[in-house]
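Let me begin by presenting the structure, written as structure tokens, before commenting on it.
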Ligand SMILES: Cc1ncc(C[n+]2csc(CCOP(=O)(O)OP(=O)(O)O)c2C)c(N)n1
């Protein structure tokens, strides 16, 4: 319950101005590069073009081709380059453009980056950051829209962060780069252009620490990534009905800050977990199980999960809209939880 | 067992030799169909009517037409994110293609796939693909199946210059070579991978040189000359069908529009002069000039192809626009079969 204040205690309270999510990411990355000469960026069209999502705009101008590297379409070699360079003390940021492309380099992430420190008896670390854009909503269809955080969160040795807004996009990116472990930063495609208040100077957001995005007494909604905004919108809708929901943003899904969740459940006694990824085998299952393991006695209703149906992401906008959870489904889920006494 | 392929790479002569009038007409018609399909799709996208991404093929028509005219209906192809041209040339219908771009239930993927995933089993079109290089091993598998079943169909895989940097290409090429499978590797070298010029992603001038690493013969052709492509494809397909194993064709070509969408270049990754130079050797103009010059077709006959195709396209777009949207109640459709 004190996590909110703890988290904000380590982030500076300074003059802010509005910045888009993608610009906030870009600023955090640039500042981390200025802070540490060992940070470099490699990926397809990241340097000359500035990234297909404008994530790397202007960085080539400032940092030059030594630190901003355009690579061939060779994701396995790209991540491997990052692993090897990290093992030798650099702090690579490698970009996978669309998260779906991890399919072609999963070995380097899962079997190499994640396990290297362990298998070397702790003698080295792999301070590798992998940036990528996830999520549906752009009509990009089955091979360009997935949210695969559950794949990665299952692997010991990896960290996974999911920024929900501009402020967290910057802070989590900086922390990912400063972290001595491989961290996957899952940016959300639909959020790229959304603006929010962002401090000007460099700041990190602690990894593995959840944020209480809104306080409430009736239902705890644990929302990942883009679903945080949807949950907050649902909260406004429900508040008008006299229902106050608490919205928890884990920010980091591996490691997962369950303590903040447990504390909330002890107060609200009802939980809904929502993510954009397929419900089956998603993080909602893990979170629900952990809550049941630890705070079962506080629950007035079974933990409810909302996620995508068990299907690839469809193309047609009418299907895609029905596929991705939204504020209406979250509000409906909360009402259902409250119907049970 | 596996055929031992020669590793020589050869350049085709600059001027393509004679092909029969019906072949010239066939190539022309396939190219016009692609050109019009694509320019109309681009217009629809610019008008905000199409969701998602659109990677246009305009400029590269000679490659799809030249290769597909050398194939039978039962020959299989795998395609790329820039797949409309391959689909059109293989005979996939305008109606199901436009409907798919619109996300309608009448589309080639029932509205589930969109531009990057158009396929048609009845035409041997094993799919466009959103993952660069992913179609290469799939074509190898299709060729394997043909041989396994004792059929004499071949598989053709299309990929870009950029795609040859990915493991799937190299693994697929080696697999096809060592198993001696009937696969034709067609590299559409348009000089760019997204916004990176070829010189920025490989040190080779000719992608065809990569074939040698797998013991696969290769040929380089002018990808703006449909007849040159067709002749090379015919040879490669015949070889493969006869059991002589895989071969690579590198077609040097160009895309007129941006990597994605029509235009809106935020970044001058190629010069106007370069684009203009390639356009001065437009593949459709080339085949028309050639057809008229050698008497393969009259100007009126060529014009008629444009007119008929325009009508067919207008009808297909109207059909797509009038088609129903998919029903969200069917979200789980086809996740599993049976
Ligand atoms: C595995 C993978 N990596 C990256 C991408 C993003 N991407 C889509 S098209 C493309 C460029 C492909 O270049 P090329 O193979 O030369 O084909 P072209 O676009 O020139 O037709 C890239 C990098 C992707 N779709 N899949």
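The values are calculated or read from the model by the stated rules, or taken from the named source; none is laboratory data. Keep in mind it's a predicted model, so treat the numbers as computed, not measured. For neighbour counting, all protein chains shown are included, and Cβ atoms are generated from backbone atoms with ideal geometry for every residue, glycine included.
Here are the numbers for this structure:
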{"read-out": "The one condition in (1) within 14 Å of chain A (Cβ to nearest Cβ); (2) surrounded by 13 or more Cβ atoms within 10 Å (Cβ to Cβ) that residue B:332 fails to fulfil", "value": "(2)"}
{"read-out": "Residue list for region B:169-189, filter: in contact with a strand residue (DSSP E or B) (Cβ under 9 Å, 6 or more places away or on another chain), within 14 Å of chain A (Cβ to nearest Cβ) and not in a strand (DSSP E or B)", "value": "B:169, B:172"}
{"read-out": "Lone unmet requirement of (1) within 21 Å of the chain's Cα centre (by Cα); (2) assigned to a loop (DSSP other than H, G, I, E, B); (3) at pLDDT 95 or above for residue B:48", "value": "(1)"}
{"read-out": "Residue that is assigned to a helix (DSSP H, G or I), within 22 Å of residue B:153 (Cα to Cα) and in contact with a helix residue (DSSP H, G or I) (Cβ under 8 Å, 6 or more places away or on another chain), where the choices are B:233, B:228", "value": "B:233"}
{"read-out": "Flag if residue B:103 is under 21 Å from residue B:52 (Cα atoms), at the interface with chain A (Cβ under 8 Å from one of its Cβ atoms), buried (at least 24 other Cβ atoms within 10 Å of the Cβ) and more than 12 Å from the ligand (Cβ to nearest atom)", "value": "yes"}
{"read-out": "Strands (runs of 3 or more DSSP E) contained entirely in region A:85-177, each with at least 2 residues that are away from the ligand (no atom under 16 Å from the Cβ) and touching a strand residue (DSSP E or B) at 6+ places or on another chain (Cβ under 6 Å)", "value": "A:91-98, A:159-161"}
{"read-out": "Matching residues, region B:165-194, being more than 8 Å from the ligand (Cβ to nearest atom), surrounded by 24 or more Cβ atoms within 10 Å (Cβ to Cβ) and touching a residue at least 60 places away in the same chain (Cβ under 8 Å)", "value": "B:173, B:176, B:177, B:181, B:182, B:183, B:184, B:185, B:186, B:187"}
{"read-out": "Some residue of region A:111-125 being within 22 Å of residue A:173 (Cα to Cα) and within 14 Å of chain B (Cβ to nearest Cβ)", "value": "no"}
{"read-out": "Residue list for region B:226-270, restricted to those being within 14 Å of chain A (Cβ to nearest Cβ) and at positive phi", "value": "B:261, B:264"}
{"read-out": "Within region A:267-297, tally of residues that are closer than 18 Å to residue A:337 by Cβ and surrounded by 16 or more Cβ atoms within 10 Å (Cβ to Cβ)", "value": "15"}
{"read-out": "Sole exception among (1) without any contact (Cβ under 8 Å) to a residue 40 or more places away in the chain; (2) under 17 Å from residue B:35 (Cα atoms); (3) within 16 Å of the ligand (Cβ to nearest atom) for residue B:84, by number", "value": "(1)"}
{"read-out": "All helices (runs of 4 or more DSSP H) inside region A:238-341 with 1 or more residues being in contact (Cβ under 8 Å) with a residue 40 or more places away in the chain and away from every other protein chain (no Cβ under 14 Å)", "value": "A:258-268, A:283-295, A:327-339"}
{"read-out": "Residues of region B:202-224 that turn out to be buried (at least 22 other Cβ atoms within 10 Å of the Cβ) and either touching a helix residue (DSSP H, G or I) at 6+ places or on another chain (Cβ under 6 Å) or without any contact (Cβ under 8 Å) to a residue 24 or more places away in the chain (or both), as a count", "value": "9"}
{"read-out": "All positions within region B:290-313 that are more than 23 Å from the chain's Cα centre (by Cα) and closer than 24 Å to residue B:115 by Cα", "value": "B:311"}
{"read-out": "Odd one out for residue B:314 among (1) free of Cβ contacts under 8 Å to residues at least 40 places away in the same chain; (2) within 14 Å of chain A (Cβ to nearest Cβ)", "value": "(2)"}
{"read-out": "Hits in region B:118-164 (condition: within 16 Å of the ligand (Cβ to nearest atom) and more than 14 Å from chain A (Cβ to nearest Cβ))", "value": "B:139, B:156, B:157, B:158"}
{"read-out": "Residue selected from region A:43-64 under the condition within 14 Å of chain B (Cβ to nearest Cβ), touching a helix residue (DSSP H, G or I) at 6+ places or on another chain (Cβ under 8 Å) and over 15 Å from residue B:193 (Cβ atoms), by the criterion surrounded by the most Cβ atoms within 10 Å (Cβ to Cβ)", "value": "A:56"}
{"read-out": "Residue selected from region A:65-78 under the condition away from the ligand (no atom under 16 Å from the Cβ) and touching a strand residue (DSSP E or B) at 6+ places or on another chain (Cβ under 7 Å), by the criterion farthest from the other protein chains (Cβ to nearest Cβ)", "value": "A:67"}
